[in-house]
Structure formats: C-alpha cells, structure tokens
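The block underneath contains the structure these notes are about, expressed in structure tokens.
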Amino acid sequence: MTELDSPYLALLKDRINLTQIPFSDRGSRLLIFRHDHSLAVRLAERWFKAVRQLSAYRSRPPLIGEWCFTDDQGTPLELDITTYPHKIECRTRCGAFTIVFADAETLFVALPSGTCGVTFQANLDQIWPDRRGGILRMTGDIRRNVAYTTNAHIVQHDVEPSGATSHRIRLIVQSDGAAALVINITPRLGFNRYVRNSEETIKAAAQRWHAWFAAAPTVSEPYRAQYYYAWWIMRTGLISTRYYTTREAMTPSKIHYVGVWQWDAYFHALAYRHIDMNLAKDQLRVVLDHQREDGMIPDAVHDEGTVTHLDLPVEADVTKPPLEAWSAWKLYEIDHDREFLDEIYEPAVRWNAWWFEKNDVDGNGLCEYQHPFSSGLDDSPLWDEGVPVESPDLNTYLCLQQEALAKIAHVLGAEQDAARWAQRADAQAARMVRWMWDENAGMFWANRPNHGARVTVRTPFSLFPLLTGRLPRDINQRLIQHLTDEQEFWPPYPLPTVALNDPKFNPQQMWRGPTWMNVNYLMIEGLQRTGYDAIARELRRRTLDLLCRHDDIYEYYHPLTGEVPPKAASIFGWSAAVFIDLAIQAKSDE
C-alpha cells in the first residue's frame, strides 16, 4: 500500500502543511512542525500540576527542536517536503528521509543510502549515549523520556549540553538504504528501541490510514476533498488513554485544546457513529466516567483531572449544555444497541435531575446558567450583566434531553418513565413560551431571575425553542422571519452568534458574532423537524460551502466574508464532525 495505491492518501497530498497543521497520528501526543529547513516535535499534553497554567502547552518549547538532516560532514540539508496523512517525505541532495509513526509514541525515520546524519536539540536534562543511539530523561515534576535508536552504522556520535536542561545530539551514520532511526517519546520507563523494516513500516502506516478513510460513507464530489480532510482531523485528533482520560478520546483541537470537553464530545460522536460505533460511544463514556455523585458531569476532562469548578469570571460549578441523551439517541438510530441505552440511561437521568435541582433559582421550572462557561458560549454578550441567566438555549436542550429520555425509556420497556419524560418535555416547551416569549419582538429572551430583567441582546439562541418542534405555528413563523432576515441572522455565511444589527455584534470575537458550525447543525435539525425543509437545505448548503472555503477546518468563521478570525483554533474537531454528518445527509438527499 502506497499513496499511489490509495485515492484517499493521494487526495490529501500536502494538506498537512506542518506550520498551522502538524503531522500526528491516532492516539499520539506527538506533533511535528516545520520551521524553514528544520523540524520540531511538540507534545499535546497539559502539565498543569507543574506549571499551574492551563494553556501553557501552546507556547511551551518543543521537546525536540532544531531537528535537521545533514550530509556526511554534518552540514544541514535543505528540505523539499511532501506530506501525506501517513508520512512526511523529506527530499534532500543526499536522498529522501521518510518519517512515519511506528506507533503512537514512536517516530520512524527511513534513511537514504550512503552517509548522512541527523542533529536535534532535546529539552531534557539527563542523557546516556550508547552504541545504538541514546536515552534522555526529564526529571522534576514532569517526567518524559526519549530514546533515539538506529540500526545504521554510527560513524560519529556527539552529545553536548546546550543549556541547563537541554542537550544537542549529532549523529553521522552509514546507511545501506534499508536502515532507519526511531525516536521514542514516552512518559513510561520502558522504551521502544526496536527498529523495524523500513518498507513494511511505511506500508503499515499507509494501510492504517487507507482503512480509516475507506470505511467512511461516500459523499458528493464537491465535498469529497474536504470530507476526507475532516476525517483526517477526526483520526489525528484522538489522544490515547492516560490517567483521567479513561478512553481514547477526541480533542477539540490537538494544538489548541488538549483534553476532552463535554459539549464537543457529543458532536464528535455524531461523526464517529458513521465509521466506528464503539469509538463514538466512548466519547460519551469518557465524560460519564467522571460524573459527580450529585449528577453533574464535568466541563472537561484532562489527563491530570477534571474541570468542575472555576473562580473566573465568577466562582461557580462549571459544566456544559445537557445534550448527552440527545447524542446517545442519535447513535442508537444507527445501530439500535439497546445495551448502550441501558448503560447511559441512569447517568442521564441523574444529569437531568442536577439541572433542575441546582439551577432553578426562581422555581419556575426553567433552568439557569450559573457560570458563563457552562453554556459553551464563553464570552457571549448574554453574560455581560452577570449570571445567573435563564437562557432559551439551555431550556431547549433540556427539552430535547427529556424527549430523548422518553425515547430511551420506551426502548428499555419503562413505559411509565417514557410517558413522564414526554410530558416533561412538553411542559418545558410550554414554560419557555410562558416566561420567555415576547410577542412584540417575535423572539424568546433570556432572563436574569435575580434582577427580574430580560437580556435583550439578539442572538440565535433566542430562536432555539424552534428546535423543540413543540411551538405553535405562528411562533415558529415569527422565528423564521428573524432567522432569514439578511439584516439579522441570514448573511452570506449564517448563523452569526449575535445578530448583524445588534450593537454588540463583533464578527472577530468568539461568541459575539462569528458563525459556529454546531449552532448551524442544531438549527438545521430544528428546521427539519418543524417542516422548514427548504430553509434547512439552504443553511446546510451554506454551512458546507463555508467549511470548504479554506484548506483547514476552523473553530468559527466571519459570517459576512467567510474568512477566519485571528483567534479561531485550527484542525477543529466539532467543525469537522459537523461537516462530515452534513455532507452525508446531503448525499442521502440526492
């Protein structure tokens, strides 16, 4: 198997540019970047217990930097690089150096025939050279270990300190054309120093990626290239189990958000259900593994622990919107696995109860967000005047959750539960109409129950009760008028997260104006279930077209231009997952 044999590998030639888009693999914490004619290996790991900063990994020096290939004199070679999902091919005047993953912790470098070399700086403080390479260890609060090993004949091997906690390694080797270098980076004490056959290792890497792409359903030709790139994100973004990360799980972005965020996990599962159902289910299980005794599910799960409480911008428990049962039901629609529904039913019931027991300040049956981050809409103007906020989106999710619980209970044969959940879903929608609907404005407003004040900033979340499918037709029609108004929510690339004509619209700042793909996905589903099929298809088309505008897939987009705001994260998981699911939907409608 080579890229010439696989249409998927050939299709994604040079999509991994090694600058904004690193080379990585399923389950790996290793990210390879390029700088001019050298490479660097960064780690997708949080070291919060050592550095006390949540996002320090984004600016942390690479574990291996200034990685150069050299000639027989140790002179760095210029690199002409071609990338594929399974390999980096570095062509030089001394021949080609080919890099693949032998496993999630081991980089394999096939060496050209003749005398050549490699140099790199390792940011570890201890080193023990040996006849096949060497071992480096990092001591202190964080322990990481590196072994570099070659089966080529070593001509020269120099090691020297390059700082208090780093070393410079220079190797010159004589290769017979079949020799290789392996670099194993691991938190474990044991190393992988086995140098496999080069041809077989490269072929195995290609086969793994080809099999992943080949398992995906086909989609229409205009979406094909970006569709398989989205599947690349969904495989390369997976991280292996470690400590609190109890399952193989998808990161929102392996560069920008290392860990498992609850809300993201539910959308990631929507894509995985088309290719690997157990992987899809594990995205739900990994957050349920850390459900608290009171029923709350953490905001996020990292290797070192969970995020359940924050003191900024306010001090409160922090979670994410309740869509677990909604997501579980979507998995069931594919494989009809009753056992999985039985597995998640009780945790979902406890999760639903937590919202109503802990988050209904005024006792009117509508729940509030106590922390802005619990909404997933971190910097939305909905929270500008403070929390708690009784928001239409949250109560829409609770309606959908209880509707899903009714369906699950029916499958499990718990008919009394099913009837009760269906009644509660109906009641939730009715309460939103009673307490949130503004007949004059023609939309639902969030409320600040402690202050008796409405939050009248115009966001698509004021339209979200449409998703319930339980509103009177005249209310639906008023919401649709807002949705399709080009001065509000229907720019070239809808849906802006603040209306275009609202004073707080800012298309460059996260949830204050940019278009987010998960918001579009939910609205498309709501339009479909309420009978607005033509508008749903148009929103789906515009969403797919927006995601095809750029080589990469991003966290959010400018709703007027389709460009990428400067702080939007790259290789973004739920945007890729939404693209996959919508492209499959579009194909089924042909």
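Criterion first (touching a residue at least 40 places away in the same chain (Cβ under 8 Å) and closer than 25 Å to Arg242 by Cα) does Ala104 satisfy it?
It is true that Ala104 is touching a residue at least 40 places away in the same chain (Cβ under 8 Å) and closer than 25 Å to Arg242 by Cα.
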Checklist entry - Looking at region 558-590, which of its residues are part of a loop (DSSP other than H, G, I, E, B), among the hydroxyl-bearing types (Ser, Thr, Tyr) and over 18 Å from Thr236 (Cα atoms)? => result Thr561
Checklist outcome for this item: Expected output for region 500-523 (first residue modelled with pLDDT of 95 or more, partner surrounded by fewer than 20 Cβ atoms within 10 Å (Cβ to Cβ) and among the β-branched types (Val, Ile, Thr), Cβ below 9 Å, 6+ apart or cross-chain) is Pro507/Thr561
Item to check | Unique residue being at pLDDT 95 or above, assigned to a helix (DSSP H, G or I) and charged (D, E, K, R) when the list is Glu293, Glu346 | outcome: Glu346
Checklist entry - Given the conditions (1) at pLDDT below 95; (2) of a type outside the set (Ser, Thr, Tyr); (3) assigned to a helix (DSSP H, G or I), and given that Ala10 satisfies all but one, which numbered condition is not satisfied? => result (1)
Item to check | Residue satisfying all of: in region 232-257; more than 18 Å from Asp289 (Cα to Cα) and in contact with a Lys or Arg (Cβ under 6 Å, 6 or more places away or on another chain); surrounded by the most Cβ atoms within 10 Å (Cβ to Cβ) among these | outcome: Gly237
Checklist entry - List the pairs whose first member sits in region 563-590 and is more than 21 Å from Tyr257 (Cα to Cα), whose second member is outside any loop (DSSP other than H, G, I, E, B) and of a type in the set (S, T, N, Q), and whose Cβ atoms are under 7 Å apart, counting only residues at least 6 apart or on separate chains? => result Leu582/Thr543
Checklist outcome for this item: Residue set Thr98, Thr119, Thr82, Thr115; condition of a type in the set (Val, Ile, Thr), assigned to a strand (DSSP E or B) and without any contact (Cβ under 8 Å) to a residue 60 or more places away in the chain; output residue Thr119
Next on the checklist: Being in contact with a strand residue (DSSP E or B) (Cβ under 7 Å, 6 or more places away or on another chain) and either outside the structural domain of Pro322 (by TED's automatic domain parsing) or among the aromatic types (Phe, Trp, Tyr) (or both) is the requirement here; does Trp383 meet it?
Outcome noted: yes
Checklist entry - Does at least one position in region 381-389 carry a residue that is closer than 30 Å to Asp342 by Cβ, among the hydrophobic types (A, V, I, L, M, F, W, C) and either modelled with pLDDT of 95 or more or crowded, with 23+ Cβ neighbours inside 10 Å (or both)? => result no
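Of the residues that sit in region 273-291 and are touching a residue at least 60 places away in the same chain (Cβ under 8 Å) and of a type outside the set (A, V, I, L, M, F, W, C), which one is nearest to Leu331 (Cα to Cα)? Talk me through it step by step, then tell me what you get.
Keep residues of region 273-291 that are touching a residue at least 60 places away in the same chain (Cβ under 8 Å), which gives 273-277, 284, 291.
Then drop every residue that is not of a type outside the set (A, V, I, L, M, F, W, C), which leaves 273-274, 276, 291.
On the way: Arg273: 6, His274: 9, Asp276: 11, Gln291: 20 Å.
In this case the residue turns out to be Arg273.
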Item to check | Only listed residue being at pLDDT 95 or above and surrounded by 16 or more Cβ atoms within 10 Å (Cβ to Cβ), chosen from Glu105, Glu3, Glu78 | outcome: Glu105
Checklist outcome for this item: Scanning region 436-453 for residues that are in contact with a helix residue (DSSP H, G or I) (Cβ under 9 Å, 6 or more places away or on another chain), surrounded by 15 or more Cβ atoms within 10 Å (Cβ to Cβ) and on the phi < 0 side of the Ramachandran plot gives Met436, Trp437, Met443, Phe444, Trp445, Ala446, Asn447
Checklist outcome for this item: Within region 437-457, residues over 12 Å from Leu479 (Cβ atoms) and either at pLDDT 95 or above or in contact with a strand residue (DSSP E or B) (Cβ under 6 Å, 6 or more places away or on another chain) (or both) come out as Glu439, Asn440, Trp445, Ala446, Asn447, Arg448, Pro449, Arg454, Val455, Thr456, Val457
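The values are calculated or read from the model by the stated rules, or taken from the named source; none is laboratory data. Predicted model, so just to flag it, every value in this text is computed and none were measured. Ideal geometry is used to build each Cβ from the backbone, glycine not excepted, and the neighbour counts take in all protein chains shown.
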